[in-house]
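Note sheet for the following structure.
Read the figures in this text as sums done on the coordinates, not as results from a lab. Small disclaimer: the values here were computed from a predicted structure and weren't measured. Because the Cβ atoms are built from the backbone with ideal geometry, glycine has one as well, and the counts that use them run over all protein chains shown.
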Amino acid sequence: MSLPKKVKIVEVGPRDGLQAEALTLPLETRIKLINLLSQTGLKAIEVGSFVSPRWIPQLAESERVYQGICKKEGIDYSLLVPNYKGYERALENKVTSIAIFTAASETFCKKNINLSIEESLEGFKSFVPESKKKGLRVRGYVSCVIACPYEGRISPVSVHKIVSELFSLGCDEISLGDTIGVGTPKQVHELLKNMPVSLDRIAVHFHDTYGQGLVNVYAALEKGVSTVDSSVSGLGGCPYAPGASGNVATEDIVYFLERQGIETGIDMKNLLRGADFIDGELHRQTTSKASCALRKTKFGRL
Ligand code: HMG
Ligand code: MG
């Protein structure tokens, strides 16, 4: 099995991270975090969500965040869009990249977006093909690809079915979410086996609840995946997935990959500045071991 020479990291901290925090941060803080992350070499950053502010108050006014950030050329700045109303918000703000989201578990889907899986896919048909015609990039998320907090184990076959549907709608990339972070490498291999689309169109999105994030990323790379979602300082979770903790930390992934000789293009020192900033604003300790160790050495004797 050969590992990729290069991995693309999709930074989801400003969205997945902040949506799960008890504190709702001021817009300037959200903007500053993204501006700091834009200085790291990251090529993809999730800026926020066009969802209901009643459901996710932490990400209210994501349009103002999108308008307020200094957009660096070459970075894909995306926002989550659950329905047509979210799509309209994206268009009004000239957003060029959106992410739709559904799940492989009926119960989670209902709790997360108040729709069945089928209804969610029907809803996407009303704007995804149109988005593609307008030249937007569309990422599709499937949550609960290993297990659901309400239904337990989810079979790879049911995930594959949704992946196929999202691709036939026109998604450019699909991100597979182990929302509650229970998976292990064997399950990741099973999930990626017989995937109905090429693995170069698949990203992995592992929450680190059980400390399996990094080994699961490795397992996915072994199978040919080369796009990995992660969150600065390990921020994250989903308010509709009780007990889920943050995504695998970007610092852990970058440390690991670079030391394995796999290029990420990310400058660790600048990444640590972003991590230090957001942890200070949230009054939290990092959950990333690499981040913690490197910060103790004054931003890293790498
Ligand atoms: P609903 O209550 O069923 O919606 O919510 P509705 O159509 O009945 O509308 C109710 C109200 O919401 C109306 O306002 C709408 O205008 C408004 P009112 O008339 O009462 O004042 N509304 C909206 N407002 C702003 N933007 C919109 C929008 N749509 C309706 N787009 C809805 C349905 C989808 C809106 C709601 O369930 C929702 O916002 N859910 C968001 C859940 C969410 O963001 N979850 C976290 C992200 S997913 C995740 O974290 C997993 C992931 O990381 C992968 C993984 O880890 O597995 C991606
Ligand atoms: Mg997530």
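Could you work out the relative contact order of the stretch 8-300, using alpha carbon pairs under 8 angstrom and six or more residues apart, expressed as a whole percent?
On the way: 618 pairs, mean separation 54.9, N = 293.
Dividing the mean separation by the residue count of the stretch 8-300 yields 19 percent.
At a 10 Å Cβ-Cβ cut-off, how would you order V95, V142, fewest neighbours first?
Values: V95 22, V142 27.
By the 10 Å Cβ count, ascending, the order reads V95, V142.
Compute, for the stretch 126-244, the length of the dipole vector about the Cα centre, with Cβ point charges of +1 (Lys, Arg) and -1 (Asp, Glu) only. Units Debye, rounded to 20.
On the way: 11 positive and 11 negative charges, 57 e Å.
With only Lys, Arg, Asp and Glu charged at Cβ, the dipole is about 280 debye.
Extension gain Q260-K43, at 0.36 nm per residue separation less the Cα-Cα distance, in nm? If you can, show how the numbers build up before the last one.
Numbers: separation 217, 0.36 × 217 = 78.12 nm, distance 2.02 nm.
Full-extension gain reported as 76.1 nm.
Principal axes first, then extents: for the Cα atoms of the stretch 32-96, list largest minus smallest coordinate on each axis, whole Å, largest first.
32, 21, 16
Rounded, prolate or oblate: which fits the stretch 195-302 when a ≥ b ≥ c are the square roots of the eigenvalues of the alpha-carbon gyration tensor, with rounded for a/c under 1.5 and prolate only if a/b beats b/c?
oblate
Along the charge dipole of the stretch 146-251, Cβ charges K/R +1 and D/E -1, which of Y150, G234, H205 sits furthest on the positive end?
Of Y150, G234, H205, it is Y150.
When the Kirkwood radius is taken over all Cα pairs of the chain, what Stokes-Einstein diffusion coefficient follows at 10 °C and 1.306 mPa s, in µm²/s? Write down the numbers at each step before the final one.
Numbers: Rh = 18.8 Å.
It comes out at roughly 84 µm²/s.
How high is the FRET efficiency from R64 to S116, r the C-beta distance, R0 35 Å, rounded to 0.05? Don't jump to the answer; show the numbers that get you there.
Details: r = 32 Å, r/R0 = 0.92.
Once the sixth-power term is evaluated, E becomes 0.60.
Per 0.36 nm of contour for each residue apart, how much would the distance between Y210 and L27 grow if the chain were fully extended, relative to their Cα-Cα spacing? Could you put the intermediate results ahead of the total?
Values: separation 183, 0.36 × 183 = 65.88 nm, distance 3.16 nm.
62.7 nm is the gain from fully extending Y210 to L27.
Going by a 4.7 Å Cβ-Cβ cut-off, which cysteines of the chain have no partner at all?
So far as the 4.7 Å Cβ criterion goes, C70, C109, C171, C238, C292 stand without a partner in the chain.
Based on DSSP H runs of at least 4 residues, each adding -39500 (n - 2.57), what is the mean residue ellipticity at 222 nm of the chain after dividing by all its residues, to the nearest 500 deg cm²/dmol? Intermediate results must be reported in sequence, preceding the final value.
Details: 12 runs with 116 residues, N = 302.
One gets -11000 deg cm²/dmol as the mean residue ellipticity at 222 nm.
Let me make sure I get this right: for the stretch 1-160, a, b and c are the square roots of the gyration tensor eigenvalues over alpha carbons, sorted descending. Under 1.5 in a/c it's rounded, otherwise prolate if a/b > b/c, else oblate. Which is it? Provide the component values of the computation, followed by the final result.
Working: a/c = 1.44, a/b = 1.28, b/c = 1.12.
Note, shape of the stretch 1-160 comes out rounded.
For a paramagnetic label modelled at 7 Å from the Cα of K134 toward its Cβ, which residues of the stretch 48-92 fall within the zone defined by backbone nitrogen distances under 12 Å?
84-92
Using the Cα centre as the reference, give the magnitude of the dipole from point charges on the C-beta atoms of the stretch 8-300 (Lys, Arg: +1; Asp, Glu: -1; all else neutral), rounded to the nearest 20 debye. It would help to have the intermediate numbers written out before the result.
On the way: 34 positive and 34 negative charges, 61 e Å.
It works out to roughly 300 debye.
Starting at the first residue of the stretch 183-195, write each ³J(HN,Hα) from the Karplus equation 6.51 cos²θ - 1.76 cosθ + 1.60 with θ = phi - 60°, in whole Hz, x for Gly and Pro.
x, 10, x, 4, 5, 5, 4, 4, 5, 7, 5, 6, 4
What residues have an amide H closer than 5 Å to that of D76, excluding those fewer than 5 places away on the same chain, when H is modeled at 1.01 Å from N in the peptide plane?
Correct list: A44, I45.
For Y141, enumerate residues with amide H under 5 Å from its amide H, sequence gap 5+ or separate chain, H modeled in the peptide plane.
I100, F101, T102, S175
Subtracting the Cα-Cα distance from 0.36 nm times the residue separation, let me have the gained length for E73 to S155 in nm, one decimal. Could you put the intermediate results ahead of the total?
Working: separation 82, 0.36 × 82 = 29.52 nm, distance 3.99 nm.
Gain on stretching E73 to S155: 25.5 nm.
Give me L191, L166 ranked fewest to most by other Cβ atoms within 10 Å of their Cβ, as a rough exposure proxy.
L166, L191
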